[in-house]
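Here the structure is laid out as structure tokens; the discussion comes afterwards.
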Amino acid sequence: MKKHKEKIKIGIVIGVFSVIIIACLISIFSQMYTEYKENESFEKLAEIVTEDTTDTTIEAIVRKPNLLNISDSDDEFQTEQPVYYTTYYQPHSVSDLLSINSECFGWISIAGTNINYPVMHTPSNPQKYLNKNFYGEYSYSGTPFLDSRCSADSTNLIIYGHHMNNGTMFADLCNYTDYSYFSEHPTVVLETKDGAFAYFVFSVMKVKSDDVWYRFTTAGTEKSYEKKISYAKEKSIYDTGITPVYGQQILTLSTCYGYNQDDRILVLAVRN
């Protein structure tokens, strides 16, 4: 009788654990399917607004410090050596995006990555698209959005995006912790109603969600600007060789990083 009761208890415990495991698996696969369908929605949107051309480029010059040896002197000195870049990107019709949803700011993309999304902007409702898709419907993945304090002519455009486990949204930003990844993906393209612009990555920082960089949207003076850039260069995981100068616009891409809720990674790029 005693053995029979023990068997019943063991059977109940096994049954409970089985139910829990099955429920967890259902939840995991359900979330995976949801993320897949949400990303599929973005891909369909991209097909709708992608323009019929494959050879669009942005030509830009980035001045990077370079050591030069002078033949008649033993001294070495720093000068700015121009480096020419050609950025290839797939153009999108921002006017079509705006006709579908007027809250769209533009489109952001990094060639060779999964980052290829519309960017939303709702100054009166800062986090509206944290969990909404481009069409304003509930979405676990949300849609990248521009900081509500920013405008097209802000010194620092801060764009937020989720870090999804399936590698979508801004998850690829975490790969910038590797210098070789930066070398292979040095430019970010932002398309707005004012045109398409290439931004060159100059700093990659691991910060907390309350870092002072998030309070930087406008630099009124050259001294203030240089102080912010100096901070970003000092905090950078590695030296990119690029230092923005006063008057150049900054683009900051932000997403979650690591396992702590308030850990963030920032990829900072400068428009030439």
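Some observations on this one:
- Odd one out for Gly106, checked against (1) buried (at least 21 other Cβ atoms within 10 Å of the Cβ); (2) in contact with a Lys or Arg (Cβ under 8 Å, 6 or more places away or on another chain); (3) part of a helix (DSSP H, G or I): (3)
- Gly220 meets all of the listed conditions (1) at pLDDT below 95; (2) among the small types (Gly, Ala, Ser); (3) part of a helix (DSSP H, G or I) but one, namely (3).
- Among residues that are touching a residue at least 40 places away in the same chain (Cβ under 8 Å), surrounded by 20 or more Cβ atoms within 10 Å (Cβ to Cβ), touching a Gly at 6+ places or on another chain (Cβ under 9 Å) and not aromatic (Phe, Trp, Tyr), Leu173 is included.
- Pairs with Cβ under 7 Å, 6+ apart, first in the stretch 226-253 and β-branched (Val, Ile, Thr), second part of a helix (DSSP H, G or I) and surrounded by fewer than 17 Cβ atoms within 10 Å (Cβ to Cβ): Ile237/Thr177
- Hits in the stretch 129-179 - residues which are more than 12 Å from Val119 (Cα to Cα), part of a helix (DSSP H, G or I) and not charged (D, E, K, R): Asn131, Ala171, Leu173, Cys174, Asn175, Tyr176, Thr177, Tyr179
- Residue ID - surrounded by the most Cβ atoms within 10 Å (Cβ to Cβ), chosen from residues in the stretch 35-60 that are in contact with a strand residue (DSSP E or B) (Cβ under 8 Å, 6 or more places away or on another chain) and either aromatic (Phe, Trp, Tyr) or at pLDDT 80 or above (or both): Leu45
- Residue match in the stretch 144-165 (condition: surrounded by fewer than 20 Cβ atoms within 10 Å (Cβ to Cβ), without any contact (Cβ under 8 Å) to a residue 60 or more places away in the chain and over 28 Å from Thr87 (Cα atoms)): yes
- Taking the numbered list (1) at pLDDT 95 or above; (2) within 17 Å of the chain's Cα centre (by Cα); (3) part of a loop (DSSP other than H, G, I, E, B) in turn, Gly112 passes all entries but (1).
- Filter pass, Val83 being modelled with pLDDT under 80 and within 30 Å of Gly241 (Cα to Cα): yes
- Selection over the stretch 190-224 of residues that are within 19 Å of Gly247 (Cα to Cα) and of a type in the set (Val, Ile, Thr) gives a count of 4.
Each row is one residue, and each column tells you yes or no for (1) within 18 Å of the chain's Cα centre (by Cα); (2) of a type in the set (Asp, Glu).
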| site | (1), (2) |
| --- | --- |
| His163 | yes, no |
| Tyr179 | yes, no |
| Ala198 | yes, no |
| Lys208 | yes, no |
| Val212 | no, no |
| Lys223 | no, no |
| Glu226 | no, yes |
| Tyr231 | no, no |
| Ser236 | yes, no |
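- Single residue of the stretch 209-248 satisfying the filter (among the charged types (D, E, K, R), over 15 Å from Asn156 (Cα atoms) and in contact with a helix residue (DSSP H, G or I) (Cβ under 9 Å, 6 or more places away or on another chain)) that is surrounded by the most Cβ atoms within 10 Å (Cβ to Cβ): Lys235
- Test result for Tyr179, surrounded by fewer than 19 Cβ atoms within 10 Å (Cβ to Cβ), modelled with pLDDT under 95 and of a type in the set (Ser, Thr, Tyr): no
The values are calculated or read from the model by the stated rules, or taken from the named source; none is laboratory data. Keep in mind it's a predicted model, so treat the numbers as computed, not measured. Reconstructed Cβ throughout: ideal geometry from the backbone, glycine too, with neighbour counts over all protein chains shown.
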